[in-house]
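Asker: The structure's right below; bear with me while I get my questions together.
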Amino acid sequence: MKRIVFLLFTAITISASAQDYPIKPVPFTSVKVTDHFWAPRIMRNYKVTIPIALEQCYKTGRVDNFLIAGKLKKGKFKTEYPFDDTDIYKIIEGASYSLQTFPDAKLEAQVDSLIYYISKAQEPDGYLYTNRTIAKDSTELHPWASPRRWEKDPELSHELYNCGHLYEAAVAHYLATGKKTLLNVAIKNADLVYHDFVEGGLKYYPGHQIVEMGLVKMYRVTGNKKYLELAKYFLDIRKNGDEYNQAQIPVTEQTKAVGHAVRATYMYSGMADVAALTGDKSYVNAIDAIWHDVVDHKLYITGGIGAEAGHEGFGPDYALPNMSAYNETCASIGNIYWNYRLFLLHGDSKYYDVLEQILYNGMISGVSVKGDRFFYPNPLESMGQHARSEWFGCACCPSNVCRFIPSVPGYMYATANNRIYVNLFIQSKANIDLGSNKVMLEQQSNYPWSGNMAFVVNPAASKTFDVALRIPAWLNNAPVPGGLYAFETTETKKYTITVNGKKAEYTVENGYAILNRKWNKGDKIEFNMPMDVRYVKANDQVKADDGRVALQRGPLVYCFEWPDNKDASVRHLLLKDNEQTTTSYDANLLDGVEVIKAVAVTPVITKDDKVEEKNETVTAIPYYAWANRGVGDMSVWVADKPTSVVPLPPPTIASKSKVSASYVTKALKSINDQLEPANSHDGSIPYYHWWPKKDTVEWVQYDFEKPATISKTQVYWFDDGPWGGCRIPASWKLMYKDTDGSWKEVKAKTTYPITKDTFNELEFDAVNTSALRMEVQLSKEHSAGIMEWKVE
Ligand SMILES: [Zn+2]
């Protein structure tokens, strides 16, 4: 009975409000980008990233899962996660967008084949989840899935997550090609979901949101209101669950950003969509409050969100550590989706200020300059433990990059009530439909390197309308909206706007300069924004940035990286307050970047333990471009207070050694990085471990720069017990390389010490050697690791 009342209620809510976002997007298909920043990125996404992602889907068994489920091939489920199906959907979505810019028969045929496999893998009633279809019994089913459909979705089965990405892909493919092949699969699936949930009364809320946004897109292309009703149903049944997936209380009562950041932003985006289409303000009140929580407490200067790795999500207010910052690439994309929708709801430029900050920093940092390597987390500081990967077991980020990049031109313009909103500054030509008029708007700019730009307005008919130019937050006194960051200095120069060479008349409204006039063919607006290097300070409550400063120029946040700075170190830089900076464009560096140079104090510890201060010219590059030249030091926030500087220690035998090991990982170089831990589980500095190995003999080795006489060593064990997998080892011994090349054990003066939370010092009879090897016997039950290994 209750269910019937609920259904009536939703039906009335929806039918009583034939409405939508008050602001209409200008689709990316109407905008041709011709600049030197985005056009090459969109091209590389087509030529490099999508082919790599497709190849990985074939190589890793993601395509096979569909073939096996569709009985086109024999075998078992081939991949690690039940949501691996979504990578194919996301690539189809990205390829569909890409095909609209770059028609490509071969890619289109490849997509058609994938769609054929997907249609074969769909069960007769519409259900689509290759893991369950392949599994012959519950033992073959992924442990995250229940023997009963949907039952474990609120936990981890990801059945509805797969559906959501299927719908997004299907709509994109249909709009790009006019083919209904995938759309029909999606309709059959969505009808089943509607039948099981709305009609069948199932109350399993989606464990990983996206189905809500996907269903809204299905409603938009099919006009079938039951998909919108289903999206609303999925939002409204969230309660009595976990914070992890934002189900702790009803969505309309939520005011704080909590839990998994990607799930959160997808849900907030779905809430905005449903609010726009139903007129239900309670969703808007909730996401407005949550937005303030994010920009006041939980946003990195790079636009990244989700500080904590453990749950890939939001941490406490102001807890924004730099080196361990998680900032998943997908969370950046989700945060763009959400801020975009808030703009479409409210028409305020502040949402675009956040969007632009994410776009130019924490989002594009997720893909390498060449388009072939990816970051999952996007930290703001590194000591070389972060390297870009070709792919990931959980590949959500690269496939999200595939689908997001080609859609960027769609974020530039929007229209409402005889007004064109200019939100992003990218050289392009756009055909904008103003309803009563059509306008070809040509934008000439070299953004983000220059703030000078021009717009040529070509209306089909000379008429009066508004051109609303976004005045970026960074032009005023905040690098990004909210209470977390401020510029240390105020910009003295003012931006200028002219029309046909004369000072323009405009009013400022919600962060836009509104130019209202009768526009004639060829009218030219010139918008000149000063783009000086600005010093950014964080709110005092952000302890991680205490005594530190970041550099921003225009929308770009900068970082200092090892290849550009002396001693390949950026840990010991002290930037003086408002030190003069210079900028220059280097066309050969990182596909062309504007670099910033400043003079910094670089304190180093001399051999006799004195601190020597030198002045050095230091170089900063845009943050997004880091980790394209190998691994090493990087920092966004550098000291501007002497108390925050870590002087560079003098090089040692160990620090100059080449490190090798029985088990090579990226973390290997952390054992001689000269960073001393506070304890054996100090997560603030890099460490090396042999996990998941146990009960084996492992080794690490130093090959010295030149032979040396040594008689003492110190090792600091990594031990993350009782919850982690590493403990101090069972035993260890130290070998040195004899002149004949053989390994001999040193003559130790004591037993080998094995204690956690301290340096374990061993003295031995002096030997002259070119290499040392530490042999470590791992305990029966646990692995082991090393935080630092010193030699004297
Ligand atoms: Zn991801």
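None of the figures in this text is laboratory data; all of them are computed from the coordinates on show. Here the structure is a predicted model, which is why all the values come from computation and not from measurement. Here the Cβ positions follow ideal geometry from the backbone for every residue, glycine too, while neighbour counts run over all protein chains shown.
Asker: Could you compute the net charge surrounding Asp433? Neighbours are other residues with a C-beta less than 14 Å from the C-beta of Asp433; K and R count +1, D and E count -1.
Answerer: Residues near Asp433 contribute +4 overall.
Asker: Check the straight Cα-Cα distances from Lys543 and name the aspartates and glutamates below 17 Å, setting aside those fewer than 8 residues away within the same chain.
Answerer: Answer for Lys543, where 17 Å is the Cα cut-off: Asp296, Glu308, Asp317, Glu381, Asp640, listed by chain and number.
Asker: Post the alpha-carbon centroid distance, the range 39-70 to the range 258-316, in whole angstrom.
Answerer: The range 39-70 and the range 258-316 have Cα centres spaced 29 Å from each other.
Asker: Among Ser365, Asn476, Leu202, pick out the residue whose Cα is farthest towards the positive end of the charge dipole of the chain, where Lys and Arg carry +1 and Asp and Glu carry -1 on C-beta, about the Cα centre.
Answerer: Value: Leu202.
Asker: Right, here's the next one. Among the lysines, select those whose C-alpha is under 21 Å from the C-alpha of Lys502, and discard any that sit fewer than 8 residues away in the same chain.
Answerer: Counting by Cα, and skipping residues close in sequence, Lys502 has these lysines nearby: Lys463, Lys493, Lys494, Lys518, Lys521, Lys524.
Asker: I would also like to ask the following. Give the shape of the range 290-351 as rounded, prolate or oblate, defined through the alpha-carbon gyration tensor: a ≥ b ≥ c are the square roots of its eigenvalues, a/c under 1.5 means rounded, and otherwise the shape is prolate if a/b is larger than b/c and oblate if not.
Answerer: Prolate, since a/c reaches 1.5 and a/b exceeds b/c.
Asker: I would also like to ask the following. Taking 0.36 nm per intervening residue step and subtracting the Cα-Cα distance, what contour gain separates Ser644 from Thr139 on full extension?
Answerer: Taking Ser644 through Thr139 to full extension adds about 176.3 nm, to one decimal.
Asker: Please report Phe704, Phe527, Phe343 as a ranked list, fewest other C-beta atoms within 10 angstrom at the top and most at the bottom.
Answerer: Fewest to most other Cβ atoms nearby, the residues stand as Phe704, Phe527, Phe343.
Asker: With a point put 7 Å past each Cα toward its Cβ, work out how far Lys281 is from Phe392 in nm, to one decimal.
Answerer: Distance between the two pseudo-spin positions: 4.0 nm.
Asker: Which helices of the chain meet both criteria: a Cα extent of 15 Å or more along the helical axis and a mean Kyte-Doolittle score no lower than 0.0, with helices taken as whole DSSP H segments?
Answerer: 2-15, 105-121, 159-177, 181-194, 211-222, 261-278, 329-346
Asker: Same structure again: Along Cα→Cβ, 7 Å out, is where each label goes; now give me the distance between the ones at Glu705 and Ser113 in nm to one decimal.
Answerer: Modelled inter-label distance: 5.4 nm.
Asker: Taking a ≥ b ≥ c as the square roots of the Cα gyration tensor eigenvalues, with a/c under 1.5 meaning rounded and otherwise prolate when a/b beats b/c, else oblate, which class fits the range 289-427?
Answerer: It is oblate, given that a/c is not under 1.5 and a/b is not larger than b/c.
Asker: Please order Ile68, Ile786, Ile23 by the number of other Cβ within 10 Å, starting at the fewest.
Answerer: Ile23, Ile68, Ile786
Asker: For the chain, what does the alpha-carbon gyration tensor say about shape, rounded, prolate or oblate, given a ≥ b ≥ c as the root eigenvalues, a/c under 1.5 as rounded, and a/b over b/c as prolate?
Answerer: oblate
Asker: Kindly work out what percent of the DSSP beta bridges joining two residues of the chain are antiparallel, to the nearest 5.
Answerer: Among the beta bridges of the chain, antiparallel pairing accounts for roughly 95 percent.
Asker: Can I ask one more? So if I take the centroid of the Cα atoms in the range 190-233 and the same for the range 148-185, what is the distance between those two points in Å?
Answerer: When both Cα centres are located, 11 Å separates them.
Asker: Nearest 20 debye, what's the magnitude of the dipole of the chain about its Cα centre given +1 on Lys and Arg Cβ and -1 on Asp and Glu Cβ?
Answerer: Around 2180 debye, computed over the chain.
Asker: Give me Asp608, Asp532 ranked fewest to most by other Cβ atoms within 10 Å of their Cβ, as a rough exposure proxy.
Answerer: Asp608, Asp532
Asker: So, one more: Do you know the Lys pair count in the range 652-724 for C-alpha distances under 12 Å, with sequence separation 8 or more or different chains?
Answerer: Taking the Cα cut-off of 12 Å, the pair count is 4.
Asker: Tally Lys/Arg at +1 and Asp/Glu at -1 over every other residue whose Cβ is under 11 Å from the Cβ of Asp532; what's the total?
Answerer: +2
Asker: As a test of the formula, what do you get for the chain when each DSSP H run with n ≥ 4 contributes -39,500 (n - 2.57) and the sum is divided by the residue count, at 222 nm and rounded to the nearest 500 deg cm²/dmol?
Answerer: Here the helix-only value at 222 nm equals -8000 deg cm²/dmol.
Asker: Can you give the local net charge around Lys370? Use residues other than it whose beta-carbon is closer than 14 angstrom to its beta-carbon, Lys and Arg +1, Asp and Glu -1.
Answerer: Within the 14 Å Cβ shell, the charges total +3.
Asker: Kindly provide the GluC sites (Glu not before Pro) of the range 738-791 that DSSP labels as loop, not H, G, I, E or B, and whose Cβ sees at most 12 other Cβ atoms within 10 Å.
Answerer: Glu781
Asker: Starting from the Cα-Cα distance between Thr222 and Tyr585, subtract it from 0.36 nm times their residue separation and give me the gain in nm to one decimal.
Answerer: Separation in residues times 0.36 nm, less the Cα-Cα distance, equals 125.8 nm.
Asker: Evaluate the relative contact order of the range 267-349 (contact order divided by residue number), counting alpha-carbon pairs under 8 angstrom at least 6 apart; express in whole percent.
Answerer: Answer for the range 267-349 is 27 percent.
Asker: A further question follows. Stretch Trp723-Lys656 to full length: gain in nm at 0.36 nm per residue minus the Cα-Cα span?
Answerer: The Trp723-Lys656 span can extend by a further 20.7 nm.
Asker: Mind jotting down the distance between the C-alpha centroids of the range 536-615 and the range 346-384, whole Å?
Answerer: 20 Å
Asker: Further, regarding this structure: Among the lysines in the range 209-335, how many pairs, 8 or more places apart or on different chains, have alpha carbons under 24 Å apart?
Answerer: For the range 209-335, qualifying lysine pairs total 14.
Asker: Too long at a 22 Å Cα-Cα cut-off: which of Lys90/Lys350; Lys576/Lys614; Lys120/Lys180?
Answerer: Over 22 Å Cα-Cα: Lys90/Lys350.
Asker: Let me ask something additional. Calculate the spin-label point distance for Gln100 paired with Lys74, positioning each point 7 Å from the Cα along the beta-carbon direction, and give it in nanometres.
Answerer: The modelled label-to-label distance comes out at 4.4 nm.
Asker: Then there is this: Calculated FRET efficiency, Ser450 and Glu763, Cβ-Cβ r, R0 51 Å, to nearest 0.05?
Answerer: 0.25
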